[in-house]
Every structure is written in structure tokens, then in C-alpha cells.
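First up is the structure itself, then whatever we jot down about it.
Each reported figure results from applying straightforward, stated rules to the coordinates on display, with no laboratory input. Values in this document were obtained by computation on a predicted structure and should not be read as measured data. Reconstructed Cβ throughout: ideal geometry from the backbone, glycine too, with neighbour counts over all protein chains shown.
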Amino acid sequence: MATSSSRRVKLGSSASHLIGWLGNETQSANVLATAQLHLKIRSAVSEILPASMRGAFEVIKIEQTALTLTVSSAAFAAKFRQMAPRVSTHLQTLGWNIAEIKLRVHGGTRLHPAGKPPREARLLDENDLKSFEDLKQNLRPGPLADAVSKLLKHHHANNGNQTEN
């Protein structure tokens, strides 16, 4: 079966090729422009949100001065409502004419909130342990003193294991 060259599409993994192809037809170009607009406003909203909230929403539509978002849970919606004035002010400073943010909760959507940020930890060196020893000497007996003692005991045990290996 022969295919006309105007209908033939090269298969490739290049995203720019796909975007170029979408831009050729009027309807596809409108879809592409809307998608790019949604991505830009999603990025702008994400800038002001805490990291744990950035993956839990998507832009549904933008009409006149209202932005409609779909969110992953009622808890996220409640937190977002608290932040909505700050978000709309941020969007306005970026040039978006958004005065109202509407939320739709879709618990069954495949939106995944960003996990906890990676834990930033480092091993305690001798100076750190000496500082905790000094702190322990100046603490009155109680839960804080017990916690510092436990921390020191734990780190001295680990340091002992490392020197034996």
C-alpha cells in the first residue's frame, strides 16, 4: 500500500520533531499553545509552593482571570486554599492576570506528591562529639540530657566499630 509523502511521518524520539509536527495544523497548533501555556503557569505556581506540594496538582484550564487546578486530595486542597492569596499575588507579579484560583479534588488521579526531600546528614567528627560532651556536662538531668547521652553513646560505638575494621 502506497502512502503519500504528505501523510508519511518519520518515527523518531526527537521531541522537537513532534512539536514541529504539531505546529503544522491549526487545531494541533492550538492544542500545543494551550499545553505550553499550562506548563508555564504550572511552573510559575510550583515556584511558590513548598517542595512537598509541587507534584500534587495539574492545571485544568485558564479562563479570563480564573485558574482551575486539579489536586490529588482534600488535604492538599485545604493547604492550597491557605496559600491561594500568595500564589495569585505571585502569578500577578509574573504578569499573569489571575485573581481567582479554583480547585477540583480528584483523588483517583495519578498525581503523585513529591516525596520528602532527601535527608541531609553527615557523620559527626571529633569536634562535634566534643561539643556534645561539653553540652552534656552543662545539662540538668532530664530528657534532653538523656538524648545527648544516647547520641554520644551511639556515635562512640560506631567510631569504635570503624577503627576495629
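Which cross-chain or sequence-distant (5 or more) residues have an amide H under 5 Å from the amide H of residue 56, H modelled 1.01 Å from N in plane?
Under 5 Å from the amide H of residue 56: 114.
Gain in length, residue 26 to residue 100, computed as 0.36 nm per residue apart minus the alpha-carbon separation, to one decimal in nm?
Going from the current span to full extension adds 23.6 nm.
Please list the non-local residues whose amide H lies under 5 Å from the amide H of residue 104, H modeled 1.01 Å from N, same-chain partners needing a gap of 5 or more.
Residues meeting the criterion, in which the H sits 1.01 Å from N, are 69, 70, 71.
Can you give the FRET efficiency to the nearest 0.05 for residue 121 and residue 46, using r as the Cβ-Cβ distance and R₀ = 25 Å?
Efficiency, rounded to the nearest 0.05: 0.40.
Which of 80, 57, 132 has the fewest other C-beta atoms within 10 Å, and how do the rest follow up to the most?
Going from least to most buried by this count: 132, 80, 57.
Report ³J(HN,Hα) in whole Hz for each residue of the range 84-97, in order, from the Karplus equation J = 6.51 cos²θ - 1.76 cosθ + 1.60 where θ = phi - 60°; Gly and Pro get x.
Here the 3J(HN,Hα) series is 3, x, 5, 5, 5, 4, 4, 4, 5, 5, 8, x, 7, 8 Hz.
Want the number for residue 158 to residue 64: 0.36 nm per residue separation, take away the alpha-carbon distance, what's left?
Extending this stretch completely gives an extra 27.7 nm.
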